[in-house]
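Each remark here refers to the structure printed beneath this line.
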Amino acid sequence: MKVVVCVKQIPDPATPYTLEEGTNWLVRPSEQVLDDTDRYGVEMGLQLAQANDGTVTLVSMGPAGNNQGVRQALAMGADKAILIDDSDLRGSDALTTARVLAAAIKEEGFDLVIAGTESTDGYSGVVPQMISELLDSPALTYATKVEIGDGKVKIHRQTVAGYDEVEASLPAVVSVTAGVVEPRYPTFKGIMDAKKKPVENKTLADLGVEADASQKVKEINDAPSRTGGQKIEDEGEAYQAIVSLLEERKVI
Amino acid sequence: MASIWVFVQEDSGAPSSLGLELLTKARSLGDVTAVYLGAGGDSQFATLGEYGATNVLHASAGDALPSAPVAAALAEKASSDQPDLILFGQAYTDRDVAGRLAARMGVGVLSNASDVRLVDGGVETDHEIFGGTQIAVASASGSPSIVLARPKSFAAEPSGGNAPAVATLELSDAGSSAARVVESHVEEREGPQLGDAAVVVSGGRGLGSPEAYELVEKLGKQLGAATGATRAIVDAGWVPYAKQVGQTGKTVKPDVYIAAGISGAMQHLVGMKDSKTIIAINKDPDAPIFSVADLGIVGDVHNVLPKLIEALENR
């Protein structure tokens, strides 16, 4: 079984994000990290591939930099990676991203595509669904549990009220929530092996996809800001200030 | 007059509150058609009319997962009717339908919008970035414009509109894209719900352990509040995703929001900073949460919360 997992390299969320002047694009340092939410998809892919005699291919779009983020996912155990890095893709919107990823996935071939529900830096939250449409496949989204069997995929799909059991025939696209599985930490051997695993670089021309710049960030304005109020150091009695405020607001 | 389509999903037998928010916004932009997904009926359609829909396109997906068949039918209908804007909410099925529809029609999607305006040749949207400290103004060309707006961006208000004209949006089998809902499970929901509670108590990493979330629950019970959580402790598996407040979780605007052991990561602030009153308890005096808190207690939640709970119990 061929499992393809979409992953994204993002600027370390622990560092403040900045925007490039003029374009308002996110500044991407050469050292980026694997988006934390992708670790769940990679783990899910590895477990399903192992149980179904399959392989895991990573597909990623964006500036490669030193490729540390992709190496992190390879170190978890994925077999290889396809990376689409093209300067024409800077400032791409969700649809262009989906077109690029879908083209690479189609070329690679797949039984199951796994993605996170949204990236931590862009969070448009529609890329997996767009990929599924472009691949003429079902999109089983917001999965909290994934099972494969008899040529079908069955998931628990998160809903407002609880969850739905949803099933479809393979090939299919699944988006997973954090918590679908517990991601493994790469072992030392995994990290060493990752350095030798194949990373295939592709451009837009290789995939026959055109970048589309129909969306623009026109300007950035300061939001009306909220200012902090009273701050009290707790020396054992600070809870009383909370009680007073709750009384004042008529909550109690 | 501009033609605006609004995606409204049925929730517990009635149009969802998110859908009513979007209809309220849409009627200020043009003539509104509600794309209604659910069993439907005269009273549901009347509600859509009261909030501004003059037309309803009614779709019922049966046991099919709606995204693929609804997107296919909408794409076809939109190609002939040419609406200027199709407005969705940032919600599960909305995202699924909008994503597939956009890919099918070859147009982009503007996600996470907090406001939307019609401009020459397309739309302009506002997006809160960097924890809501800044607003990015984005624009998109292409027709139709497809926008996903964050819940609670607009207040739902009835306009007193008449019953709308209802037409059926016929759905076809989605073929290779089809998926089936085998069974729906409703999880037991106790007490006030996050989205509409007047008081919300949330916990974060500062609680130190999953067991300490009990303090949040106890305080919540005393105040008749809904309980929430940060993404950090949801990802860590301490509490279910349904409790997540923030960019990738729920947006809340209660009268009082109590943040216990929450540092105030951008992703969390976006989901709660518009609460009327914010109370924060955190050990780190420099935690960003204090910059939005009306009352900040610099202290350990393990000391402050038990005393607060006790004081409330003794009242």
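Would you list the strands (runs of 3 or more DSSP E) that sit entirely within the range B:1-111 and hold 1 or more residues that are in contact with a Phe, Trp or Tyr (Cβ under 9 Å, 6 or more places away or on another chain), within 30 Å of B:V182 (Cβ to Cβ) and of a type in the set (S, T, N, Q)? Result: B:3-11. Scanning the range B:252-275 for residues being over 22 Å from B:A212 (Cα atoms), more than 8 Å from chain A (Cβ to nearest Cβ) and touching a strand residue (DSSP E or B) at 6+ places or on another chain (Cβ under 7 Å) gives a total of 5.
Here is a check on your reading of the model: is B:E214 within 9 Å of chain A (Cβ to nearest Cβ) and on the phi < 0 side of the Ramachandran plot? It is false that B:E214 is within 9 Å of chain A (Cβ to nearest Cβ) and on the phi < 0 side of the Ramachandran plot. Scanning the range B:91-109 for residues that are more than 7 Å from chain A (Cβ to nearest Cβ) and not β-branched (V, I, T) turns up B:A91, B:D94, B:L101, B:M105, B:G106. Go through the residues of the range A:63-76 one by one and say whether even a single one is closer than 21 Å to A:V199 by Cα, free of Cβ contacts under 8 Å to residues at least 40 places away in the same chain and in a loop (DSSP other than H, G, I, E, B). Yes - at least one qualifying residue is present in the range A:63-76. When B:A155 is tested against (1) more than 9 Å from chain A (Cβ to nearest Cβ); (2) on the phi > 0 side of the Ramachandran plot; (3) not hydroxyl-bearing (S, T, Y), only condition (2) is not met. Here B:P66, B:P83 are screened, and the one residue that is surrounded by fewer than 24 Cβ atoms within 10 Å (Cβ to Cβ), farther than 19 Å from B:G30 by Cα and touching a Ser or Thr at 6+ places or on another chain (Cβ under 7 Å) is B:P66. A search for C-beta distances below 6 Å between a residue of the range A:211-230 that is closer than 16 Å to B:S145 by Cα and facing chain B (nearest Cβ under 7 Å) and any residue that is of a type outside the set (K, R) and outside any strand (DSSP E or B), counting only pairs 6+ apart in sequence or on different chains, returns A:S214/B:G108; A:S214/B:S141; A:S214/B:G142; A:Q215/A:D93; A:Q215/B:G108; A:V217/A:N24.
Scanning the range B:165-179 for residues that are in contact (Cβ under 8 Å) with a residue 24 or more places away in the chain and out of contact with any Phe, Trp or Tyr (no Cβ under 6 Å at 6 or more places or on another chain) turns up B:A165, B:A167, B:T168, B:L169, B:E170, B:L171, B:S172, B:D173, B:A174, B:S177, B:A178, B:A179. Give me a count of the residues in the range B:110-138 that are within 7 Å of chain A (Cβ to nearest Cβ) and of a type in the set (S, T, N, Q). Adding up the residues that qualify gives 4. Identify, please: which residue in the range A:164-180 is over 18 Å from B:T93 (Cα atoms) and surrounded by fewer than 21 Cβ atoms within 10 Å (Cβ to Cβ) and is, among those, nearest to the chain's Cα centre (by Cα)? The extreme case among them is A:G179.
When the range A:44-62 is filtered for residues that are buried (at least 21 other Cβ atoms within 10 Å of the Cβ) and assigned to a helix (DSSP H, G or I), the ones remaining, listed by number, are A:M44, A:G45, A:L46, A:L48, A:A49.
When the range A:133-163 is limited to residues that are charged (D, E, K, R) and surrounded by fewer than 24 Cβ atoms within 10 Å (Cβ to Cβ), the one that is nearest to the other protein chains (Cβ to nearest Cβ) turns out to be A:D136.
Taking the range B:143-154, which residues are out of contact with any strand residue (DSSP E or B) (no Cβ under 7 Å at 6 or more places or on another chain) and either aromatic (F, W, Y) or at pLDDT 95 or above (or both)? Passing the criteria: only B:F154.
Within the bounds of the range B:2-14, is there any residue that is touching an Asp or Glu at 6+ places or on another chain (Cβ under 9 Å) and of a type in the set (V, I, T)? Yes - at least one qualifying residue is present in the range B:2-14. Comparison of B:G38, B:G62, B:G30, B:G19 shows that the only residue that is closer than 21 Å to A:V166 by Cβ and in contact (Cβ under 8 Å) with a residue 12 or more places away in the chain is B:G38. Of all the numbered requirements in (1) surrounded by fewer than 19 Cβ atoms within 10 Å (Cβ to Cβ); (2) out of contact with any helix residue (DSSP H, G or I) (no Cβ under 9 Å at 6 or more places or on another chain), B:A113 misses one, and that requirement is (1). Restricting attention to the range A:93-125, the residues being in a loop (DSSP other than H, G, I, E, B), out of contact with any Asp or Glu (no Cβ under 8 Å at 6 or more places or on another chain) and either under 16 Å from A:A172 (Cα atoms) or facing chain B (nearest Cβ under 8 Å) (or both) number 6. Out of curiosity, is B:G249 more than 11 Å from every other protein chain (Cβ to nearest Cβ) and crowded, with 17+ Cβ neighbours inside 10 Å? For B:G249, the condition - more than 11 Å from every other protein chain (Cβ to nearest Cβ) and crowded, with 17+ Cβ neighbours inside 10 Å - is not met. Looking only at the range B:139-152, residues that are away from chain A (no Cβ under 12 Å) and not charged (D, E, K, R) come to 2 in all. Of all residues in the range B:301-315, those being facing another protein chain (nearest Cβ under 7 Å) and touching a residue at least 60 places away in the same chain (Cβ under 8 Å) number 2. Residues in the range B:280-296 that are facing chain A (nearest Cβ under 7 Å) and either buried (at least 22 other Cβ atoms within 10 Å of the Cβ) or over 27 Å from the mean Cα position of the chain (by Cα) (or both): 5 in all.
A count restricted to the range A:231-240 and to residues that are at the interface with chain B (Cβ under 7 Å from one of its Cβ atoms) and out of contact with any Leu (no Cβ under 6 Å at 6 or more places or on another chain) stands at 5. Condition first: under 20 Å from A:P171 (Cβ atoms) and more than 7 Å from chain A (Cβ to nearest Cβ). Now tell me which residues in the range B:168-189 satisfy that. B:D173, B:A174, B:G175, listed by residue number.
The values are calculated or read from the model by the stated rules, or taken from the named source; none is laboratory data. This structure is a prediction, so every number in the text was calculated from the model and none was measured. Reconstructed Cβ throughout: ideal geometry from the backbone, glycine too, with neighbour counts over all protein chains shown.
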